[in-house]
1. Quickly run through segment B:76-99 and pick out the residues that are open to solvent by less than 50 Å² (accessible area, probe 1.4 Å) and either under 16 Å from B:Ile173 (Cα atoms) or touching a Ser or Thr at 6+ places or on another chain (Cβ under 8 Å) (or both).
2. Please name all residue pairs, on different chains or six or more residues apart, with Cβ atoms under 7 Å, provided the first residue is in segment B:104-126 and is closer than 15 Å to B:Ile230 by Cβ and hydroxyl-bearing (Ser, Thr, Tyr) and the second residue is open to solvent by 10 Å² or more (accessible area, probe 1.4 Å) and not in a loop (DSSP other than H, G, I, E, B).
3. Does A:Gly240 satisfy the criteria of being surrounded by 24 or more Cβ atoms within 10 Å (Cβ to Cβ) and either in contact with a helix residue (DSSP H, G or I) (Cβ under 6 Å, 6 or more places away or on another chain) or not in a helix (DSSP H, G or I) (or both)?
4. Return the residue satisfying two criteria in turn: it lies in segment B:223-272 and is of a type in the set (Gly, Ala, Ser) and more than 9 Å from chain A (Cβ to nearest Cβ), and of such residues it is most open to solvent (accessible area, probe 1.4 Å).
5. Which one is least open to solvent (accessible area, probe 1.4 Å), of the residues in segment A:35-53 that are touching a residue at least 60 places away in the same chain (Cβ under 8 Å) and not charged (D, E, K, R)?
6. Conditions: (1) aliphatic (A, V, I, L, M); (2) at pLDDT below 85; (3) in contact with a Ser or Thr (Cβ under 8 Å, 6 or more places away or on another chain). B:Leu41 meets all but one. Number of the miss?
7. Among the residues of segment B:49-75, what is the count of those that are open to solvent by 50 Å² or more (accessible area, probe 1.4 Å) and among the aromatic types (Phe, Trp, Tyr)?
8. Of everything in segment A:109-132 that's more than 7 Å from chain B (Cβ to nearest Cβ), out of contact with any Gly (no Cβ under 9 Å at 6 or more places or on another chain) and free of Cβ contacts under 8 Å to residues at least 24 places away in the same chain, which residue is nearest to B:Gly255 (Cα to Cα)?
Amino acid sequence: MKQKRSTRLVLTLMQVLLALVVLLPFFWMVSVSLKPPTEPFAIPARLWPDHPTVGNYVSAFRPEFRTYFMNSLVVSLATVVITVTLGLLAAYSFTRAQIVAISALVGLVVLAQMFPHSAIIIPIYKMMRSADLLNTYWSLILAYVSVTLPVAIWMLRGFLLKLPAALEESAAIDGATPLRVFWDIVVPLSRPGLIATSVYVLIVTWQEFLFALSFTSTKEMRTLPVGLNDFIGQYGIRYGELMASSVMVSLPVMAVFFFLQRYFVAGVTAGAVKG
Amino acid sequence: MRKDRRLHWLLLAPALILMAVMLYYPMFGTVYESFHETSFLSPDPKFAGLALYRRILADRTFAEVVVNSIVWTFGVVLLQNILGFLTALLLNQNLPMQGVLRAIVLLPFILPGVVAAILWRFMYDPQLGLVNSLLLQMGLIENSVAWLADSRMAMASVIVAAVWKGFPFSMLIYLAALQNVDQSQIEAATLDGAGPTRRLLDVTLPAIRDVIVVNVVLTLILTFNYFDIIWVLTRGGPQSATHIFPTKIYETGFGQFRFGEAATYGVFSILVLAVLVALYAIVQGRANRRRVVA
């Protein structure tokens, strides 16, 4: 469609404005992270660092930070693997099984996505305490798998519904066992769905805050978001370091997102737009 | 066929059991806890009947939490959806740099919530923050404002931060919906002489009506439950000016070890959620039926 030149100009200006609104806080975060210790205290705040340095990154990468990073990595990766595995198995049954109760069960999955985690955290905390799991990786992995699983099932179900069942049927007629069919046909064909779901689960668990805050009590078990929150009190005035840590927390998940963006966007919007 | 069924139940079992134990069963646990009193001094739960409900309903903070939750939820949902929709419209035009801009706009959405909150806490700092610096330099304010410490400004400030973080998600869904709109209808309307506003009102909006409704109810639910941004920015303060259900539950439970009262707040928030979820089920059901008919 042809647009008038003035319309294009207005639209372009709006695009620039939008980019500014989104990017300004990011720009400032990176800028402060590169400022030497006294510069963040300049009044009024300056957008550019006068004498950029990576010193903040070096000092922010202290041993605790490395511990938090490892904890986040272990918990997130374990959650991704477990959620995606259980999610694919369940989603497969949800799309292929001839079980009467199936639509009721799908309803329970949809409902589970909307649970207020703060409202059920007290009993979960008590369960973890009596199972002696508090302050362990397992308390977080179990909690994370249970909150990401419903969405994962939903996303994977969307992908599986689009796969033609004919391929599986002909393999079954050729004498392949159900497990063979699943492993050799369903798993490879659902790869885009598996990637999209993994990215989603990673984004959610990498930043999860409420459970991590409630279930971990020692520095050795803290994850990055909780560790970062602790920084506010302790290093409240060392803004350079705080921003450097923030950048380092954000980079891994942003990198993953940008490489796998197209899968992810397809996965999220498929569920929401097509229902 | 029967063996097949057994296999499918086997595949479903781990997910179903986990969800039952970790999500559905604790919901009853919350109700149970709300009838039992614990505190830091007496950690053993004692049956309290409706005492905790009476205490909370008589407490002034409960009313504050309810009002704050309403202001917060509607404020964020309204702004986030309007901004998300306008952004989606803008990014759906044929303009250069569209791809780059789409990637840029998604940045706040992937930024971890706690990082976004810390960043905004720093942005709002009365002396060192960028918000005051920019507004002062542009002459929009005369003195620094303590955005988060001033009880009249705190709620608006956390809402702005949350909208900045959340609008890309709404944008993503609206953009996908806009791209699904039948182009031939838009062209037909153009030939009939409809301008951009008429096309938007008469063709585009009706075509994506279902997506708008579902998106709004979905963000209602997510926003009502959102904890990270408020907790890191204000801890519910100053006084209780920004306390919403999730922050109040966390503070009561893990800050004061009053599990029973935290659970009672939890029961109230589950009741609100039940209403929202029912709403969601109704609009989703209607949308599906319309799709079947059409």
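The values are calculated or read from the model by the stated rules, or taken from the named source; none is laboratory data. From a predicted model like this one, the values you see are computed outputs, not experimental measurements. All Cβ positions, even for glycine, are placed from backbone atoms using ideal geometry, and neighbour counts span all protein chains on display. Ligands, DNA and RNA are excluded from the accessible area calculation, which covers all protein heavy atoms including side chains. Shrake-Rupley method; radii C 1.70, N 1.55, O 1.52, S 1.80 Å.
1. Correct list: B:Val76, B:Val77, B:Gln80, B:Asn81, B:Gly84, B:Phe85, B:Thr87, B:Ala88, B:Leu89, B:Leu90, B:Leu91, B:Leu95.
2. The qualifying pairs are B:Tyr124/B:Val131.
3. Against the criterion (surrounded by 24 or more Cβ atoms within 10 Å (Cβ to Cβ) and either in contact with a helix residue (DSSP H, G or I) (Cβ under 6 Å, 6 or more places away or on another chain) or not in a helix (DSSP H, G or I) (or both)), A:Gly240 qualifies.
4. Step by step, filter segment B:223-272, then rank; the result is B:Gly255.
5. This residue is A:Pro40.
6. Against the list (1) aliphatic (A, V, I, L, M); (2) at pLDDT below 85; (3) in contact with a Ser or Thr (Cβ under 8 Å, 6 or more places away or on another chain), B:Leu41 comes up short only on (3).
7. Of the residues in that region, 1 qualify.
8. The selected residue is A:Arg129.
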